[in-house]
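Written out below as C-alpha cells is the structure these notes cover.
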Amino acid sequence: MSDKLTKTLNIFVRTVQTGSMSKAAADLLMTTSAISQQIKQIEQDVGLSLFNRSPRELTLTEAGELYYQSCLQMLAVATATSEQLQHLQNCPSGQLKLAAPVGFGGGLLSEPVKHLISQFNDIDVHLTLSDEPIDMIRTGIDLVLAISPLEDSNLIARQLASWPLILCVHKNHALAQQPKITLDDLKAHNRIAHIAVDPALTHLTRGESTTLPKARIAINNMQTVIQFVLDELGYAILPEPEVRNFLATGELLEICTDWQLPHYDVFALTPARDTLAAKTKAAIKALNASFSAI
C-alpha cells in the first residue's frame, strides 16, 4: 500500500474516531482545511457522502460506516505487512530460494547450508540445481551461484571465491601408467569436456600458451564429466574443489602439472534491488565464509 493511500485512510479514520475535523487535524499535525479537502476528495472518489454534517458533530452515513470498516481492515493489513517486511529486513527468516550449478550438489553447499539452518531457525532453504540459465526475476529465486557473472543489468554479481581448474585422469586409465605425461601424449586419448569450460594452458616456466585437443565427448553437466573420468572414458579439465576427495584417495591423478590452467570464479547473483532481505545477506555471508576456506 502506498504511503499516500495510507495517509488518506488515516485521515478518514481519525476524523471518524474524534468526531471532528479540527480534532483530527490537531492529532495529525495538519490544518482543518487540509483535512476537509481530503475528506471531500474521498467522497468524490467514492461518489457518496460519508458523513452527516451538523454544526456540532459529524456522524457516519451508511456508506461512511462501510467505508470506515474497510479502512480499518486495510490499515491493519498494511501495519501487519510493514511489520513482516521489517522483520524480513532485520532478521533472517523465510524461505531462501537458492539455485546453483549441479556440481555444487556434490558437497560444496553442505557447510554453508548447515550454518544457515543451525544459526537461523526461521530460515528454510529451497535449493535448485541446474546447469541451465535461470531467470531470477520470473522464478523468484533469491540467490544464484554462477561460475561467471551474467551480462544482465537486472542482476548484481558478488564474487565469492576463485578456485583452480586441473587436468585429471583416473588412476587405472592408460595415461596414468606412463611415467611422465606430456601434452603430446594426450592426443592419443579421449578428452572429455564441459561445453562451457575450454580454457588455454600456460607453461609454468616457459610462459607459452596452448590449447588441448578437441574433445571427443562434450557434456553440459560437470558431475557427468567427473563421472566419465572416474569411469575411465578419458581425461578432463575438472574443478579442483569438486574432485578433491578423489585426488586425496588417489582415485584421480592430476596430470601435466608443468602446465597451469586459470582459476574459475564463483559469483553470487542477486536481483538489482536497493535492499536485500536479511535471509539473502546471511546466505551470501555464509557462502563467502565457507568458500573462502576451501
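The values are calculated or read from the model by the stated rules, or taken from the named source; none is laboratory data. Since the model is a prediction, treat every value here as computed from it, not as a measurement. Here Cβ is always computed from backbone atoms with ideal geometry, including for glycine, and neighbour counts include all displayed protein chains. Accessible surface areas use protein heavy atoms only, side chains included; no ligands, DNA or RNA. Shrake-Rupley method; radii C 1.70, N 1.55, O 1.52, S 1.80 Å.
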In the stretch 184-193, what residues are without any contact (Cβ under 8 Å) to a residue 24 or more places away in the chain and open to solvent by less than 50 Å² (accessible area, probe 1.4 Å)?
ASP185
With the stretch 1-65 as the region, which helices (runs of 4 or more DSSP H) entirely inside it contain at least 3 residues that are touching a Cys at 6+ places or on another chain (Cβ under 9 Å) and surrounded by 12 or more Cβ atoms within 10 Å (Cβ to Cβ)?
3-18
Which one of these is closer than 30 Å to PRO271 by Cα, open to solvent by less than 70 Å² (accessible area, probe 1.4 Å), in contact (Cβ under 8 Å) with a residue 12 or more places away in the chain and of a type in the set (Gly, Ala, Ser): ALA196, ALA157?
ALA157
Of the conditions (1) open to solvent by less than 60 Å² (accessible area, probe 1.4 Å); (2) in a loop (DSSP other than H, G, I, E, B); (3) farther than 16 Å from ALA283 by Cα, LYS180 clears all except one; give me its number.
(1)
From ILE237, ILE195, ILE181, grab the single residue that is more than 17 Å from CYS256 (Cβ to Cβ) and of a type in the set (Val, Ile, Thr).
ILE195
Taking into account only those residues within the stretch 236-274 that are in contact with a helix residue (DSSP H, G or I) (Cβ under 7 Å, 6 or more places away or on another chain) and modelled with pLDDT under 90, which is nearest to PHE104 (Cα to Cα)?
GLU242
Candidate set from the stretch 208-242 (those that are farther than 16 Å from ARG191 by Cβ and in a helix (DSSP H, G or I)); member that is most open to solvent (accessible area, probe 1.4 Å)
GLN223
Output the number of residues of the stretch 258-280 satisfying the condition of being free of Cβ contacts under 8 Å to residues at least 12 places away in the same chain and open to solvent by 60 Å² or more (accessible area, probe 1.4 Å).
2
Somewhere in the stretch 156-172, is a residue touching a Ser or Thr at 6+ places or on another chain (Cβ under 7 Å) and more than 26 Å from GLY250 (Cα to Cα)?
yes
Hey, among VAL125, VAL102, which residue is in contact with a Ser or Thr (Cβ under 7 Å, 6 or more places away or on another chain) and surrounded by 13 or more Cβ atoms within 10 Å (Cβ to Cβ)?
VAL102
Going through the stretch 243-287 in order, the residues found to be under 17 Å from GLN95 (Cα atoms), part of a helix (DSSP H, G or I) and of a type in the set (S, T, N, Q) are THR280
Scan the stretch 225-233 and tell me whether some residue there is touching a residue at least 12 places away in the same chain (Cβ under 8 Å), among the β-branched types (Val, Ile, Thr) and more than 24 Å from ALA174 (Cβ to Cβ).
no
Would you check if there is a residue in the stretch 121-131 being modelled with pLDDT under 95, over 24 Å from LYS281 (Cβ atoms), in a loop (DSSP other than H, G, I, E, B) and of a type in the set (Ser, Thr, Tyr)?
no
